[in-house]
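Input: a single structure, listed below in structure tokens.
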Amino acid sequence: MSYSVDFIPEYETGKFSLVEKTRYILSQVMRNKILILENALSPEEELYLIEKTMNKIDYRNFVGIKLFSFDSGEDNRFSKIFGKSSKKRSTYTIVAPNDAVSVVKDERGILSIRINV
């Protein structure tokens with residue numbers, strides 16, 4: 001099985017409602033895409049995505065998703081460039097077919113994704 005990785009910028013999903021965003025994510029993941037969302041999902045969005053995923057599982061064609069949110073631990077790089085402090089931090093959410101990836105964050109805060117082929 002082959003997978004592709006899509007980096008989804010914040011402006012792409014920021015315009016979606018909760019239902020639209022969930023529908024978009026699930027449709028992409030069910031097409032064997034690994035999504036890296038520039039703006040992490042909120043706890044409410046994660047919960048809704050998990051609920052909708054449970055309704056789609058059929059064990060032959062779709063075994064679910066793996067969901068991982070990652071906070072870089074750093075302020076937004078633009079705030080550093082302009083010398084302004086920002087409360088907004090760089091956060092990401094990775095959503096992938098359950099059997100597609102293994103995700104590891106090491107002690108330095110580096111996120112590693114192993115794609116299972």
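Listed values, structure above:
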quantity: Simple spin-label estimate for I115 and E44 in nanometres, 7 Å along Cα-Cβ; calculated: 3.4
quantity: Label-to-label distance, nm, for residues given as K56 and S69 (7 Å Cα→Cβ offset); calculated: 1.9
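Coordinate-derived values only; no laboratory data. All of these numbers come straight from a predicted model, not from anything done at the bench. Positions of Cβ are generated from backbone atoms using ideal geometry, with glycine treated the same way; all protein chains shown enter the neighbour counts.
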